[in-house]
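First the structure, in the form of C-alpha cells, and then the observations on it.
Bear in mind that the values in this text are calculations on the coordinates, not laboratory data. Here the structure is a predicted model, which means the values were calculated and not measured. When we count neighbours, we look across all protein chains shown, and the Cβ atoms used for this are built from the backbone with ideal geometry, even at glycine.
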Amino acid sequence: MRLSTPDLDLLIRGVCMELKELATDAANTWCPGCGNFAILTAFKSVLKSLVEEGAPVENFVMVAGIGCHAKIADYVNINSFYSIHGRVAPVAQGIKIANPGLKVVGFAGDGDAYGEGLEHLLFAAKRNVDFTMFIHNNRVYGLTTGQYTPTSPLGFKGRSTPRGTVESPVNPLELLLAAGAGFVGRAYSGRLDALKAIMKQAIQHPGFAVVDVLQVCATFFNVYDYYNQKVYELKDHDPTDFERACALAREWDYSSDAPIALGTFFRRETPRFEESFDRSELSETERSERLKRMLEPR
Ligand SMILES: Cc1ncc(C[n+]2csc(CCOP(=O)(O)OP(=O)(O)O)c2C)c(N)n1
Ligand code: SF4
Ligand SMILES: [Mg+2]
C-alpha cells in the first residue's frame, strides 16, 4: 500500500486510527434495523476524524443514560460512564467542570432526556457547560418495551396506551431554544452523512450543544417510511438567526403531518460556565489527599 504524506504524518504521530480499534468485545443486542446502529457508526467515524486531526482519544468521555440508546457506551472503546435514567446532563457537567481538558459527549434517550431528565437538560442549556448531548429520539420507551414518551405523537398506541395516547407531544427543540441552548440541531438515523456532519459540528461547538436525532425504533415505532417522505435538509439557513430557528422548530410539532427539517437550527457562542467557575488549583497529590479525607468515616 502506498501512503500519502499526510497519512505518514499521522502514522508517525501514532494517531492514524482504524475504526475497528474503536470497537469493543461486547455483543451487540440492538434489534435488526434499529436506528442506534447509524448513531454508533456516525460517532465512531467522527471520533476517528477528530483524533486524526489531533484530539487525543483518551480525552473523550461518553456519558450514557439508561435505555437501549445507552448501550452505545458498551460498543465504543473509549472512556465512558453509565449514569442513571435522566441524569446524563448533570454527570456530564460534573466531569467537565472537574476536568475541563476532557471532551464530554452525552447519549440520552427521549424518555431519558425529555421525560425524567427534562429539568436537567433545560438547566444545562441555561448554564452552558461545554459538552454535547445526542438524544436518540425514537419517541418510545424502547428498553421497557414500548410505552409512550414525551415526544410520542398524539394517538400513539403502545404498551401503556393501547387505545392511543390523548396527550400531545412536547416540542424539544422549542424548549431548548427557549432555555438558551447555544447549539440546537436535528438529525435522522436514515441520513448517515448528514448525521455525521452535525455530530462533528456539535462536538466542536464551544459550549452546550444538543442534537435531537430521530432514531427509528424498528420494533416498537417503525416510522422509516414516514420519515423518508417527510425529512428535508436545511439549505441557505442562517443558524445565527434565532427567530428563524424558532420558526423552523415550530414547523413540525412532533405530531402533525408537516415537513421535518434536518440540520443546525441555531448556533451562538456565549460565555461558558466553567470559564468563570472558581476552581481550586490543587496538585494531583493534594486533590487525592483531600478526597481521601472527605471519604473517611466520621
Ligand atoms: C430512575 C429510573 N427511572 C426509570 C427507570 C426505568 N427505565 C429503564 S429504561 C427506561 C426507558 C428508556 O427509554 P428511553 O430513555 O426513551 O430510551 P430507549 O430505550 O428508547 O433508548 C425506563 C423508564 C430506571 N431504570 N431508572
Ligand atoms: S427496542 Fe427499539 S430502540 Fe431498542 S434496540 Fe430494539 S429497535 Fe432499537
Ligand atoms: Mg426512547
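What's the local net charge at Asn79, with K and R +1, D and E -1, over the other residues with C-beta under 12 Å away? Summing Lys/Arg as +1 and Asp/Glu as -1 gives 0. Of interest is the spacing of the C-alpha centroids, which for the stretch 115-130 and the stretch 150-173 amounts to 23 Å. Against the chain, whose longest principal axis is taken from its Cα atoms, helix 88-98 shows a tilt of about 20°. A simple rule links phi to the HN-Hα coupling: the Karplus curve 6.51 cos²θ - 1.76 cosθ + 1.60 with θ = phi - 60°, which for the stretch 44-51 gives 5, 5, 5, 4, 4, 5, 5, 5 Hz, with x for Gly and Pro.
Residue-wise HN-Hα couplings along the stretch 221-232, as the Karplus relation 6.51 cos²θ - 1.76 cosθ + 1.60 with θ = phi - 60° gives them from phi, are 7, 8, 10, 4, 4, 4, 4, 4, 7, 9, 6, 8 Hz; Gly and Pro carry x. Over all projection directions, the Cα-based convex hull of the chain averages an area of 19.4 nm².
Please list, or write none, the aspartates and glutamates whose alpha carbon is within less than 14 Å of the alpha carbon of Lys292, excluding same-chain residues fewer than 8 places away. Correct list for Lys292: Glu284.
Which distance in Å, rounded to a whole number, links the C-alpha centroids of the stretch 21-76 and the stretch 79-107? So the two Cα centres are separated by 15 Å.
Nearest-5 percent of antiparallel DSSP beta bridges in the stretch 29-271?
Details: 7 of 36 bridges.
So the antiparallel bridges in the stretch 29-271 amount to around 20 percent.
Relative contact order of the stretch 29-271: what whole-number percent is it, with Cα pairs under 8 angstrom and at least 6 residues apart? List each step's numbers first, then the result.
Details: 526 pairs, mean separation 47.1, N = 243.
Result for the stretch 29-271 is 19 percent.
The C-alpha atoms of the chain define a longest principal axis, and helix 284-295 lies at about 60 degrees to it.
The label point for Phe277 and the one for Ser160, both projected 7 Å from the Cα toward the Cβ, are 3.2 nm apart.
For the pairs Lys48/Lys200; Lys48/Lys103; Lys44/Lys235; Lys48/Lys235; Lys96/Lys126; Lys71/Lys96, flag any whose C-alpha to C-alpha distance is greater than 20 Å.
On the way: Lys48/Lys200 11 Å; Lys48/Lys103 14 Å; Lys44/Lys235 26 Å; Lys48/Lys235 27 Å; Lys96/Lys126 16 Å; Lys71/Lys96 22 Å.
Flagged as over cut-off: Lys44/Lys235; Lys48/Lys235; Lys71/Lys96.
Close amide-amide hydrogen proximity is noted between Phe266 and Val184, each under 5 Å apart and 5 or more residues distant or on a separate chain (H modeled in the peptide plane; Pro and chain starts excluded). Stretching the chain fully between Ile84 and Arg250 yields a gain of 56.7 nm (0.36 nm per residue, less the alpha carbon separation).
Helical content alone sets the calculated 222 nm signal of the chain at -9500 deg cm²/dmol, taking -39,500 (n - 2.57) per DSSP H segment of four or more residues and averaging over every residue. Applying 1/(1 + (r/R0)^6) with R0 = 41 Å to the Cβ-Cβ distance of Asn99 and Ala178 gives a FRET efficiency near 0.85. Shape verdict for the stretch 109-266, please, from the Cα gyration tensor: rounded (a/c under 1.5), prolate (a/b greater than b/c) or oblate. Here the stretch 109-266 falls in the prolate category. Computed packing ranks the peptides 261-273, 237-249, 283-295 as 261-273, 237-249, 283-295, most packed first, by mean other Cβ atoms within 10 Å. The dipole here belongs to the stretch 29-271: it is taken about the Cα centre, uses +1 on the Cβ of Lys and Arg and -1 on the Cβ of Asp and Glu, and is about 360 debye.
Quick one, can you get me the convex hull of the C-alpha atoms of the stretch 182-298 expressed as volume per residue in Å³? Each step should come with its number before you reach the end.
Values: hull volume 24.1 nm³, N = 117.
Per residue, the Cα convex hull of the stretch 182-298 comes to 206 Å³.
Describe numerically, in nm with one decimal, the distance between label points set 7 Å from Cα along Cα→Cβ at Asn59 and at Ala258. Here the answer is 4.0 nm between the modelled labels.
On average, how much area does the Cα convex hull of the stretch 193-234 cover when viewed from any direction, in nm²? Walk me through the intermediate numbers first.
Values: hull surface 15.3 nm².
If I average the Cα hull's projected area over directions, I get 3.8 nm².
Does the stretch 41-119 come out rounded, prolate or oblate by the C-alpha gyration tensor, with a ≥ b ≥ c the root eigenvalues, rounded set by a/c under 1.5 and, if not, prolate when a/b is larger than b/c and oblate if not? Display every interim value, and only then the final one.
Values: a/c = 2.39, a/b = 1.48, b/c = 1.62.
Oblate, since a/c reaches 1.5 and b/c is not below a/b.
At full extension, Asp241 and Thr29 could sit 72.2 nm farther apart than now, given 0.36 nm per residue minus the alpha carbon distance.
Rounded to the nearest 0.05, what FRET efficiency do Glu21 and Ser288 have when you use their Cβ-Cβ distance and R0 = 35 Å? Please list the in-between numbers first.
Details: r = 31 Å, r/R0 = 0.88.
Computed FRET efficiency for Glu21 and Ser288 comes out at 0.70.
Per-residue extension of 0.36 nm, minus the Cα-Cα distance of Asp225 and Ser49, leaves a gain of 60.2 nm for this segment.
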